[in-house]
Amino acid sequence: MKEVLDFELMHKLARQYGLDQVLDESALTELRLLEADKGETICEKGERPERLYFLVQGKLKIFTTLPNGKSLLLRFSTPLALVGDLELVNGREANNTVQSVSRSLLLAISYRAIQNTYVENPKFLYFMLSQVTHKLHTFSNLSSLNMLYPVESRFASYLLSIIEQDAAASEEIQTSKLTELADLLGTSYRHLNRVIQDLCGRDIIRKVKRKIVIQSIEELREIAGGNIYE
């Protein structure tokens, strides 16, 4: 990630998301504005993070790696989302990998700058508690999604999660990436390909070269059952 030296924008984003109300003055002076490119890793499983990140623009994908080497999609995060909050408290290595889905902006502060003072800041502790509660609620819902819902619903949920709110088409999904996507959704490449062909046959999506275009977002939402990875 690269640092964005636009202090006016940094302070504007901090105020926009109320961080000026939960961080003390000394912590605010330590904030840095960082830019992550599409596909860039913010935090990798097994690493020991050194910063707490606040996602203020863009979208992040969170997944974990299973003992068999395959990856499993856990959720997508949109602003305002935290990365490294649990590791700040427990001091352990990261359990999941976090990647930027598109160009993203994050406010970051080093653990060193806040680890000795955050326990004395009740506003910050309440803020952290609300974020952790939201994560637990989301992960509980996604456990049901991965275990109980058919692949068609999971794939529909994935598409709804990766498209931009005002976009008509999803990001490119190349054939080589379908194997990775099948792993993320907890299914086989063959099964996922059958689902894609079926949705194309029903004119819900269509394949244009290496891109999947959504034809009927309402039908896609019905298939997802309102359960998206967010």
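Might you let me know whether the range 61-75 holds any residue that is surrounded by 22 or more Cβ atoms within 10 Å (Cβ to Cβ), of a type in the set (Val, Ile, Thr) and in the same structural domain as LEU105 (by TED's automatic domain parsing)? Yes, there is a match, as at least one residue in the range 61-75 is surrounded by 22 or more Cβ atoms within 10 Å (Cβ to Cβ), of a type in the set (Val, Ile, Thr) and in the same structural domain as LEU105 (by TED's automatic domain parsing). Among what's in the range 218-228 and is under 20 Å from the mean Cα position of the chain (by Cα) and at pLDDT 85 or above, pick the residue that is farthest from LEU192 (Cα to Cα). So the residue we want is ARG221.
For the range 37-58, filtering for residues that are touching a residue at least 60 places away in the same chain (Cβ under 8 Å) and either among the charged types (D, E, K, R) or touching a Cys at 6+ places or on another chain (Cβ under 6 Å) (or both) leaves 6. For VAL101, the test of being β-branched (Val, Ile, Thr) and free of Cβ contacts under 8 Å to residues at least 24 places away in the same chain is failed.
Note on the range 81-94: residues that are surrounded by 15 or more Cβ atoms within 10 Å (Cβ to Cβ) and more than 11 Å from the chain's Cα centre (by Cα) amount to 6. Residues in the range 3-47 that are in contact with a helix residue (DSSP H, G or I) (Cβ under 7 Å, 6 or more places away or on another chain), surrounded by fewer than 16 Cβ atoms within 10 Å (Cβ to Cβ) and in a loop (DSSP other than H, G, I, E, B): GLU30 only. Quick one: is THR138 assigned to a strand (DSSP E or B), hydroxyl-bearing (Ser, Thr, Tyr) and more than 17 Å from VAL22 (Cα to Cα)? Criteria not met by THR138. Regarding ILE62, is this residue without any contact (Cβ under 8 Å) to a residue 40 or more places away in the chain, hydrophobic (A, V, I, L, M, F, W, C) and not in a loop (DSSP other than H, G, I, E, B)? When the stated conditions are applied, ILE62 passes them. Set side by side, the residues VAL101, VAL22, VAL83 differ, and just one is out of contact with any strand residue (DSSP E or B) (no Cβ under 8 Å at 6 or more places or on another chain) and either of a type outside the set (Ser, Thr, Tyr) or within 18 Å of PHE127 (Cβ to Cβ) (or both), which is VAL22. Looking at the range 173-217, which of the residues that are at pLDDT below 90 and among the acidic types (Asp, Glu) is surrounded by the fewest Cβ atoms within 10 Å (Cβ to Cβ)? Selected residue: GLU180. Taking the stated definitions as given, is TYR118 of a type outside the set (Asp, Glu), farther than 23 Å from ALA156 by Cα and at pLDDT below 85? Yes: the conditions hold for TYR118. So, GLN165, is that one surrounded by fewer than 17 Cβ atoms within 10 Å (Cβ to Cβ), closer than 25 Å to GLY225 by Cβ and either at pLDDT below 90 or under 19 Å from the mean Cα position of the chain (by Cα) (or both) or not? Spelling it out, GLN165 is indeed surrounded by fewer than 17 Cβ atoms within 10 Å (Cβ to Cβ), closer than 25 Å to GLY225 by Cβ and either at pLDDT below 90 or under 19 Å from the mean Cα position of the chain (by Cα) (or both).
The values are calculated or read from the model by the stated rules, or taken from the named source; none is laboratory data. On a predicted model such as this, the values are computed, not experimentally measured, just so you know. Using ideal geometry, Cβ is built from the backbone for each residue, glycine included, and neighbour counts are taken over all protein chains shown.
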